[in-house]
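Input: a single structure, listed below in structure tokens.
The values are calculated or read from the model by the stated rules, or taken from the named source; none is laboratory data. Here the structure is a predicted model, which means the values were calculated and not measured. Reconstructed Cβ throughout: ideal geometry from the backbone, glycine too, with neighbour counts over all protein chains shown.
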């Protein structure tokens, strides 16, 4: 009789032990998961503290050499401490002749030291851009004086800051690409000429180079699947613009379109539109992107009769 009671109790004991083991395992998993969360949270806090400490250090090494206040900081955090650095602007915005202007300087800084890159910066438009592809800094200096605006690009090569581009052309990021616009007066064309190009960073030469631009025939352009359609769309938009512009022209009477086509090595295709009327010549151009045998209209830019905008052939090395 006693043996039967013992045998009856055995499954209950095993069931109880099994439940306890299962519960212990779950608790252990929960504790480990909680510990991992704590570790992740602590790691995040360490990263935040490191970045805050790093930024303070960068500001301090700059302020050790100048009395100008810190105005802006663009940092690059590398995989190693020695690869981390920042471009630091010191100075302030001031009022001049009714306009707001940034006056200051540009520095390169790491945890050990700072180097003055550019002193006495004066610009009405303060919009530095970090080129994400290679962490280069693009700075445009604008001025009220004719032909005085310039573009600068700095790079850090072998832990040393270098000025890798200085030009009177206006540089900017266009659809993720570095674009450059050359502007000049042309007596033969009867106005100001705007020519747009695209640049790429040549890792072998360690400098910026222009993509080649080659003129293509109308037959080559129209060989793209939808080229005729998108060109007609631009023509229609040009005609609509001409009606609403200050120099309203009826392009349906006594006028005709002439075209030229230029293809850039990065897949961009320019189409120049030269419209001859009874009284004047109008210049337009549109920008297309080649994609899988078709062309996509990226931008259409309009210039009135005083500002001629078009593209010409450009070969690298000119």
How about region 91-184: which strands (runs of 3 or more DSSP E) wholly inside it have at least 2 residues that are touching a strand residue (DSSP E or B) at 6+ places or on another chain (Cβ under 7 Å) and in contact (Cβ under 8 Å) with a residue 60 or more places away in the chain?
136-141, 150-157
Could you list, in sequence order, the residues of region 98-127 that are more than 12 Å from residue 140 (Cα to Cα), within 21 Å of the chain's Cα centre (by Cα) and surrounded by fewer than 16 Cβ atoms within 10 Å (Cβ to Cβ)?
none
Residue 232 fails exactly one of (1) out of contact with any strand residue (DSSP E or B) (no Cβ under 6 Å at 6 or more places or on another chain); (2) modelled with pLDDT under 85, namely (2)
Yes or no: region 190-204 includes at least one residue that is assigned to a strand (DSSP E or B), at pLDDT below 90 and surrounded by fewer than 16 Cβ atoms within 10 Å (Cβ to Cβ).
yes
Condition first: touching a helix residue (DSSP H, G or I) at 6+ places or on another chain (Cβ under 9 Å) and either surrounded by 21 or more Cβ atoms within 10 Å (Cβ to Cβ) or modelled with pLDDT of 80 or more (or both). Can you find one or more residues in region 296-303 that meet it?
yes
Of all the residues that make up region 78-91, how many are in contact with a helix residue (DSSP H, G or I) (Cβ under 7 Å, 6 or more places away or on another chain) and farther than 18 Å from residue 162 by Cα?
1
Conditions first: (1) within 26 Å of residue 205 (Cα to Cα); (2) under 25 Å from the mean Cα position of the chain (by Cα); (3) at pLDDT below 85. Residue 286 passes all but one, so which condition is the exception?
(1)
